[in-house]
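Engineer: My structure is below; once you've seen it, I'll send some questions.
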Amino acid sequence: MLKTLAAVLPNPTVKVLLRLCALLFAGALYCTMVFILPIPARVTDFFQDINLITALCVAAALALVLGRRGWGWGLVQAFFVVLLFTLPLISRWQTGFYHANLFGGILPWSDAADYYTDAQQLLLGHHFTETSTKRPLFAGFLSVLLFITRQNLQVSVLILTLLVGLACYLLAREVRASHGALAAAFCTVVIFLFFRRYAGQTMTESLGLCLGALGLGAIWRGARLRLPSLWLAGLFILSMALMARAGAFFILPALILWAGLYFRGGKRFNLPLALGSILAVGAAFALNIALASLIGLPGDSSFSNYALTFYGLVAGNKGYDQFLVDYPGVSQSEAWGLALQKIRQAPAAALNGVLLSYKDYFSTYSRGAYTFTYFRGAEPRYFKILMWGLSAAGLLFAFFRRNRMRDALFLCGFAGVLASVALVPPVDADDMRAYAATIPFTAFLAANGLALPFFRKEAPEVLPSNLGAAAALRNPLVGFGFGLVAVCVLGPLVILAAGAPKGLSQPLNCPEGRVDVELAVRPGSYFIVVPDSFVAQSFLPYIRESDFRRTVLESQQYWPELSAALLQVSSTRLVVSGVNRAAYYHGQAPGANIILVAAMPPPRDGLLKACAVPASNQWLNARGLHTVDGPQPALPEPKGLYYNNRALSVQAGWFYGLVAAAALAVALAGWVRTDGIEILKALKKWRS
């Protein structure tokens, strides 16, 4: 059939049609594996809480796939990487996952709820509250996603996961070009180990990680091909990553110093490039500050919550909450002055705090640089030791090859991250989440140690002279990064300018002791606890009662009061959260997040209006928990093949496995024909 088509149509047309068909097939298969017939929960759970053997097998399989070249294999590679990052998300939708910032597998809690509420608030024409004003990029981007998806939170977090997976794939391509497929696969898996915790959460770490991977990829490509324009673009994107999720800022001046030496030509130092780099970093800061001032809370500023971290550091590395212990009821705006006062009174304690911060960073226990590399049923310390060993090997590679200034980038980058530890203590980093924007660099450094000369595949350092700066900037890394930054900055401004939606309904006359509540209940923004007999398998929005209780009991240590309240939720109850639109009727800004547990089916018009009862527990009441009691509602029959077709789900799982096995078999055959033979020849030569 393809030969007939080729005879009728010109070759370029055939190629375009085939590629379009391949893209459509990949998209359809991905949607099927995520929504229509999801991968069985028994499989996705392996990747939600992965064990060491599975992680190593994934790295080996990914190395085989990444080792192949060509457009078709590129599509397969992107599919594999994106699917890997999506698997923990699917698992959460299949179990009603409960964690520190998520419950029911979909609804945000704590900081994540603040960002989600602020994103909804922007859609209603109101500015951000204090939390999102400090980090406006992510909440603004989330508001754009919610606007595009008609406030479907499930699809919004899926798009966010897709973007992270694609960014990591583009970074893997650049790592493969210089270090080989094994190092690229290892780098990707390490980044995945960090990301799996944040899959499905409305947290800044996802955007910071995405932009950080794109920025590092552009920086490395610019260094490898000696393209200052591409390097500058990467530096700007990395700077925006640090705006999205503040962290190791000192990596920026370290990289600027390296660039001035690397691109110096016949001079001692490339001062114009260094000044341009400073302007690129300054532009990122300016955009972030401008966005915060335009859509944020008047009088607040970006990163203003860092004062608490700094106080905890100079108090002896005791954590950001030490300020609340020492000065209960005192405004956080006074933390800077009190921290400086503490330095003057006890400089030894401040120095000890910095030293303890470094001790934590190099630890192989709970606060180290690789604390996110934990595994099911395994002693996590051993893998952390391995990661530090690979990082040390990567630094040694770079040191002994420091005359090749490209390799010196690892030394300068690590020095920048290390300098940042003095002011970004791991005790407040929480599994290194504060370092999200530079996690790709940390993973690349370890991959540099893994890329033994035996496996290392060097690409030419100098780009052909006929490719100019403009052509270099047409790289997917730059287009993706700049496009994402543009959406994060311009999108929220357009949404805010559009103003509040029209046609708000009238307030309810609620009796005393009840609160007028109106919440947007869109598809993908709620879950329903149902009896086990209602569906055979859990998947949003229907979560079986046994699955819901199990996940809450497994993680009830995070929020004991919330856990106790969730365990009391009976079946056939709808649970939704978001901004209370009814506050408009009373002349108030919505502001606070509302969590509603209602004995009613999802409303057809997408708006739930009710007189709700606030929680009797003061702590839960302050966090917006409300209930609406009533008779057991009649729930609509679940639509979809997955819910009550366990056998079909298993068969689909086998089919997906066979497709993956076939792709790996073809990749393995290609590896044996090329790299495998070269390795055997090298081994024979080494033995002789």
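Engineer: Hand me the chymotrypsin sites (Phe, Trp or Tyr not before Pro) from segment 385-455 located in a DSSP loop with no more than 12 other Cβ atoms within 10 Å, in residue order please. Let's see the in-between values first.
Structural biologist: Details: sites: 388, 397, 399, 400, 410, 414, 435, 441, 444, 454, 455; in loops: 454, 455.
Filter output for segment 385-455: 454.
Engineer: Same structure, new question: First compute the accessible area of the chain with a 1.4 Å probe, then give the percent of it belonging to carbon and sulfur atoms.
Structural biologist: Working: 18870 of 29150 Å².
Result for the chain: 65 percent of the exposed heavy-atom area is carbon or sulfur.
Engineer: Could you compute how much accessible surface residue 367 exposes when probed at 1.4 Å, giving the result in Å² to the nearest 10?
Structural biologist: Looks like 100 Å² after rounding.
Engineer: Normalised by the number of residues in the chain, what is the relative contact order in percent for Cα pairs under 8 Å and 6+ residues apart?
Structural biologist: 18 percent
Engineer: Just going by the charge dipole of the chain, with Lys and Arg at +1 and Asp and Glu at -1 on Cβ, which of 656, 542, 422 is farthest out on the positive end?
Structural biologist: 656
Engineer: Give the aspartates and glutamates reachable from residue 318 as a straight Cα distance under 19 Å; neighbours fewer than 8 places away on the same chain don't count.
Structural biologist: Qualifying aspartates and glutamates at Cα under 19 Å: 326, 334, 360, 428, 430, 431.
Engineer: No other cysteine beta carbon under 4.7 Å away is the test; run it over the chain and list who passes.
Structural biologist: If one checks each Cβ against the other cysteines of the chain, 21, 31, 57, 168, 187, 210, 412, 488 turn up with nothing under 4.7 Å.
Engineer: Net charge within 14 Å of residue 476 by Cβ-Cβ distance, Lys/Arg positive one each and Asp/Glu negative one each, not counting residue 476 itself? Mind dumping the intermediate values first?
Structural biologist: Numbers: positive: 173, 221, 474; negative: 174.
So the environment of residue 476 carries a net charge of +2.
Engineer: Could you tell me which helices of the chain pass both thresholds, a Cα extent of 27 Å or more along their own axis and a mean Kyte-Doolittle hydropathy of at least 1.6, with helices taken as whole DSSP H runs? Let's see the in-between values first.
Structural biologist: Values: long enough: 11-31 (30 Å, 1.36); 71-95 (36 Å, 1.10); 153-179 (39 Å, 1.35); 204-224 (30 Å, 0.69); 271-295 (36 Å, 2.09); 380-400 (30 Å, 1.16); 476-498 (31 Å, 2.31); 646-671 (37 Å, 1.30).
Correct list, ordered by number: 271-295, 476-498.
Engineer: Pull out the extension gain between residue 355 and residue 336, defined as 0.36 nm times the separation in residues minus the alpha carbon to alpha carbon distance; nm, one decimal. Let's see the in-between values first.
Structural biologist: Numbers: separation 19, 0.36 × 19 = 6.84 nm, distance 2.05 nm.
Residue separation times 0.36 nm, minus the Cα-Cα distance, leaves 4.8 nm.
Engineer: Can you give the helix-only mean residue ellipticity at 222 nm for the chain, where every DSSP H stretch with n ≥ 4 adds -39500 (n - 2.57) and the sum goes over all residues, rounded to the nearest 500 deg cm²/dmol?
Structural biologist: Details: 28 runs with 401 residues, N = 688.
So the helix-based figure for the chain works out to -19000 deg cm²/dmol.
Engineer: What does the charge dipole of segment 342-398 about its Cα centre add up to, to the nearest 20 debye, if the Cβ of each Lys and Arg holds +1 and the Cβ of each Asp and Glu holds -1?
Structural biologist: Details: 7 positive and 2 negative charges, 42 e Å.
The calculated dipole for segment 342-398 is roughly 200 debye.
Engineer: When mean projected area of the Cα convex hull in nm² is calculated directly from the model, which label among (i) 40.9; (ii) 35.1; (iii) 33.3 fits?
Structural biologist: (ii)
Engineer: Work out, step by step, the length gained on full extension between residue 629 and residue 561: first 0.36 nm times the residue separation, then minus their alpha carbon distance; give nm to one decimal. Could the numbers behind the result be given before it?
Structural biologist: Working: separation 68, 0.36 × 68 = 24.48 nm, distance 2.00 nm.
Here the segment from residue 629 to residue 561 would lengthen by 22.5 nm.
Engineer: Here's a follow-up. Can you list the residues, at least 5 places off or on another chain, whose amide H is less than 5 Å from the amide H of residue 539, using H built in the peptide plane?
Structural biologist: When sequence neighbours closer than 5 places are left aside, the close amide H contacts are 544.
Engineer: Among residues other than residue 623 whose Cβ falls under 15 Å from its Cβ, what is the net charge (Lys/Arg +1, Asp/Glu -1)?
Structural biologist: Working: positive: none; negative: 111, 114, 561.
The answer is -3.
Engineer: Same structure again: For the chain, report the accessible area per residue in Å² (1.4 Å probe, heavy atoms, rounded to an integer). Let's see the in-between values first.
Structural biologist: Details: 29150 Å² over 688 residues.
Each residue of the chain exposes 42 Å² on average to a 1.4 Å probe.
Engineer: Using every Cα-Cα pair within segment 172-293, state what percent have a distance larger than 20 Å. Before the final figure, lay out each step's value.
Structural biologist: Values: 3554 of 7381 pairs.
Across segment 172-293, Cα pairs with separations above 20 Å total 48 percent.
Engineer: Express in whole angstrom the spacing between the alpha-carbon centres of segment 215-277 and segment 316-384.
Structural biologist: 30 Å
Engineer: Same structure again: If I take R0 = 22 Å and measure r between the Cβ atoms of residue 23 and residue 659 in this structure, what FRET efficiency does the formula 1/(1 + (r/R0)^6) give, to the nearest 0.05?
Structural biologist: Working: r = 17 Å, r/R0 = 0.75.
Given R0 = 22 Å and the Cβ-Cβ separation, E is 0.85.
Engineer: List the pairs from 134/342; 267/359; 134/359; 609/639 whose alpha-carbon separation is above 31 Å, in the order I gave them.
Structural biologist: Numbers: 134/342 25 Å; 267/359 40 Å; 134/359 29 Å; 609/639 25 Å.
Pairs exceeding 31 Å: 267/359.
The values are calculated or read from the model by the stated rules, or taken from the named source; none is laboratory data. For clarity, every value in this text was computed on a predicted model and none was experimentally measured. For neighbour counting, all protein chains shown are included, and Cβ atoms are generated from backbone atoms with ideal geometry for every residue, glycine included. SASA here: full protein model, heavy atoms, side chains in, ligands and nucleic acids out. Shrake-Rupley method; radii C 1.70, N 1.55, O 1.52, S 1.80 Å.
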